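What follows is a short report on a single structure.
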Amino acid sequence: MTKKTAESVWNNCLAFIRDNVSTQAYKTWFEPIKAVRLVDNSLSIKVPSKFFYEWLEEHYVKLLKVALTKELGSGAKLVYDIRMENTPDNKTAYTEKLPSSNQQKPQSQDVALPPKKDSDTILNPFVVPGIRNIKIDSQLNPNYNFDRFLEGESNRLARSAGMAVANKPGGTSFNPLLIFGGVGLGKTHLAHAIGLEVKEKHPEKTVLYITSEKFTQQYIDAVRRNARTDFIHFYQVIDVLIVDDIQMLSGKAGTQEVFFHIFNHLHQNGKQVVMTSDKAPVDMMDIEKRLLSRFKWGLSAELHNPNFETRKRIILDKLYQDGVQMPEEIIDYLANNITTNVREMEGAIISLIAHATLDKQDVTIELAKRIIKSYVKTTKKEMSIDFIQETVSDYFDLDVETLKSKTRKRHIVQARQISMYFAKKFTKASLASIGSHTGKRDHSTVLHACKTVDNLTSTDKEFKKYVDELQQKLSMHN
Ligand code: ADP
Ligand code: MG
């Protein structure tokens, strides 16, 4: 008999698991695991994050137990070794918080006993009993639920993290959970889905969805009515606070300050905060450093552009919801040709259905082509950094090379800064990539440029005129 090793045991478990879960689940949750150690009948596996561990415990603990028992007998034990790639600098490693490492003999987690995950959460003595019962309308859209948020490669992490948060609000390491990604990729939908799911699973919890704009407005009103404290108190009793489009807080120091205050209170009391943004934290401008650093405590999950297969499934689902059928050929055509974001895809489907029903036309490939053509034409084309640099150089009578050069001549520096400012404003490019497009400068130079342009437009009339005129020129192209 060959000697069992961690690897051989785990490989046998994997073979068994593979036959019992979907390929997708297998790839997502089991392939990344590495077996590290086998001591007697306890197998240590390395998982990439605490989230992973929680997910496995939540969904696959039985399967793991069966697999492991087959290999190692009834006394089989599973030990999780959690490796965080980027543990936030102001927090200790997550492993410390795990039930397994809280025990006297650390690192041992008997699979037969699901961990008492909540045993180490401390109740806040200051929560007034009863206060949680106030009714707050959650402002959630019931259509934006998880069922209708189709899963794909592009959103798997964000969706799973959202689900995990909804199952255990405030009780996972994803606090806050920041969902970020481009326009129309499903941030708002997912944010609502999390809220709806919490209400379903934890009806006693107070959930509130709010956009940053509305939050800002409410705050301004509160200050005007001399009710700043009431405003803060209102937000402090919420169990799950979902703030959409957090990038809209940029430049609003007062609102950021109060949000920071509320955020800290909620976080300290084990309440869940979910946020969305159209930018990654590193690219958020004019958001205070200390607030930004808080965002990094939890998880930032990006929504990417869906691939063909996911686009197709989303289209099929939308059609199904609307009770409309379409030849597969047309669905493929749509999925192949609208690749930018889900919102545009929906728009095209709606106009296709409208044409078909209102004009009593058959839905044919030709109709689909015509609609997409007119549709895609009217949608905004993304402006390129090159185009911005050309327009700005042109305006100041420079050539692009000079704009990008190292010269420190004042008017050239200003033109350069303006071009970086517009690149940040009108493209999705990151600060780093704008910098490298502008004569290999780094992201802090771009950030500085954007701030300078902001400052100068509010202090220097002449300068403001340049910026306004250029803005108009650029928007005309849009
Ligand atoms: P964002 O807030 O990122 O701009 P939204 O959440 O408003 O985007 O999504 C735009 C539209 O696309 C919504 O109608 C939403 O339902 C739909 N959508 C986005 N992602 C998905 C998905 N994975 N499955 C189904 N519909 C989606
Ligand atoms: Mg949105």
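Details
- Along the chain, longest interval not containing exposed GluC sites (Glu not before Pro), exposed being DSSP loop plus at most 10 other Cβ atoms within 10 Å: 205-478
- With each label modelled as a point 7 angstrom along the Cα→C-beta vector, the ALA432-GLU31 pair spans 2.5 nm.
- For LYS252, the aspartates and glutamates whose Cα falls under 18 Å of its own Cα, not counting residues fewer than eight places away in the same chain, are GLU213, ASP221, ASP244, ASP278, ASP283, ASP286, GLU288, ASP454.
- Compared with the dominant Cα axis of the chain, that is its longest principal axis, helix 365-378 is turned about 60°.
- Amide hydrogen proximity for ILE179: with H placed 1.01 Å from N in the peptide plane, the residues at 5 or more positions away or on another chain lying under 5 Å are MET275, THR276, SER277, ALA301.
- Between the beta carbons of SER351 and GLN218, assuming R0 = 35 Å, the FRET efficiency works out to 0.45 to the nearest 0.05.
- Separation in nanometres of the label points that stand 7 Å from Cα toward Cβ, at LYS46 and ASN226: 6.3 nm
- Residue ranking by accessible heavy-atom surface, 1.4 Å probe, largest first, among PHE174, PHE426 comes out as PHE426, PHE174.
- Long pairs among LYS65/LYS199; LYS50/LYS312; LYS279/LYS440; LYS271/LYS296; LYS369/LYS424, criterion Cα-Cα beyond 26 Å: LYS65/LYS199; LYS50/LYS312; LYS369/LYS424
- DSSP beta bridges confined to the chain are antiparallel in about 20 percent of cases.
- For the stretch 151-193, with all protein chains in place and a probe radius of 1.4 Å, 55% of the accessible heavy-atom surface sits on carbon or sulfur.
- R0 of 30 Å, Cβ-Cβ distance ASP468-LYS373: FRET efficiency to nearest 0.05: 0.30
- With contacts taken as Cα pairs under 8 Å at a separation of at least 6 residues, the chain carries a relative contact order of 11 percent.
- Dimensions of the stretch 368-478 from C-alpha coordinates, computed as largest minus smallest value along each principal axis and given longest first, are 53, 30, 24 Å.
- The length gained by stretching the chain between LYS3 and ARG290 to full extension, at 0.36 nm per residue less their Cα-Cα distance, is 98.0 nm.
- Accessible area of the stretch 229-346 belonging to carbon and sulfur atoms, whole % at 1.4 Å probe: 48 percent
- Remark: the ARG18-GLN361 segment gains 118.7 nm on full extension, using 0.36 nm per residue and subtracting the alpha carbon distance.
- On the basis of the beta-carbon distance and an R0 of 22 Å, THR339 and LEU316 show a calculated FRET efficiency of 0.85.
- Global form of the stretch 184-285, assessed from the alpha-carbon gyration tensor, a/c cut-off 1.5: oblate
- Residue-level accessible surface for TYR60, protein heavy atoms, 1.4 Å, Å²: 40 Å²
- Taking each of LYS289/LYS461; LYS3/LYS70; LYS289/LYS451 in turn, the alpha-carbon distance tops 18 angstrom for LYS289/LYS461.
- Ligands, DNA and RNA left out, the 1.4 Å accessible surface of the stretch 352-478 is 52% carbon and sulfur atoms.
- Folded to 0 to 90 degrees: helix 61-72 orientation relative to the chain principal axis, Cα: 50 degrees
- Largest-first principal axis extents of the Cα set of the chain (Å): 80, 60, 51
- Theoretical ellipticity at 222 nm over the chain - DSSP helices of four or more residues, -39500 (n - 2.57) apiece, nearest 500: -15500 deg cm²/dmol
- In the chain, the longest principal axis of the Cα atoms and the axis of helix 461-477 are about 70 degrees apart.
- Label point of ASN11 set 7 angstrom out along Cα-Cβ; within the stretch 32-68, amide nitrogens under 13 Å from it belong to 35.
- Per residue, the chain exposes 53 Å² of accessible surface when a 1.4 Å probe is rolled over the protein heavy atoms with every protein chain present.
The values are calculated or read from the model by the stated rules, or taken from the named source; none is laboratory data. Just so we're clear, the structure is a prediction, and the values are computed from it rather than from any experiment. Counting neighbours? That spans all protein chains shown, and the Cβs are built from the backbone with ideal geometry, glycine included. Protein only, heavy atoms only, side chains kept; ligands, DNA and RNA dropped before computing areas. Shrake-Rupley method; radii C 1.70, N 1.55, O 1.52, S 1.80 Å.
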